[in-house]
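Below you'll find the structure, written out as structure tokens, and then a few comments.
FYI, it's all coordinate maths here, none of it is from the lab. Predicted model, so just to flag it, every value in this text is computed and none were measured. Quick reminder, even Gly has a Cβ in these numbers, built from the backbone with ideal geometry, and neighbours come from all protein chains shown.
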Amino acid sequence: MSMFEKFKEIIGGGDYDEDFDDIDEVEEEEEEVEEVEPIISKQRGNKVVNIHNSASAKVMVVKPASYDEAREIAEAIKNRKIVVVNTTAMETKIAQRLVDFISGACCVLGAQLQEVEQRVYLLSPSNVEVSNELRTEISSKALFNWNK
């Protein structure tokens, strides 16, 4: 050891490497990753669930006398009832307002509005399907006698 190195040690400028252990380099082992192929099944279960299961469909026949009955008709559609509305006894302008209101309610609730005869309408909720055969049968046979 030279004089210069002794002097450095006294002052504190010695070799610091002696105080620390050498850090061994860590070798990282790569783990084997097994590739897993996804199994794709061609069979898929039916995931469609009917939310509105009603035991029996109820039909409500209404011959409104005023526009005030529009809310009652809309509530019936909301409660998933089939409604037949006859507006022949009403004034034309008031009947048109009533049909406009009911049409809007049907649009919001997902129901259908179909004209069976002139000024006679069939309102069916989204869970009911009305075929054209039934419509023609209703209009041709005059199942609903409104003149009672």
Between residue 93 and residue 129, the two model label points (7 Å from Cα along the beta-carbon direction) sit apart by a distance in nm of 4.2 nm
Show me, for the stretch 108-125, the HN-Hα J-couplings you get by feeding each phi into the Karplus relation (A = 6.51, B = -1.76, C = 1.60, θ = phi - 60°), rounded to Hz, glycine and proline as x. 5, 8, x, 8, 10, 10, 10, 8, 8, 9, 5, 6, 10, 10, 10, 10, 10, x
Just to verify a number: FRET efficiency for residue 79 and residue 37, C-beta to C-beta distance, R0 = 41 Å, to 0.05? 0.20
Calculate the spin-label point distance for residue 109 paired with residue 10, positioning each point 7 Å from the Cα along the beta-carbon direction, and give it in nanometres. 10.5 nm
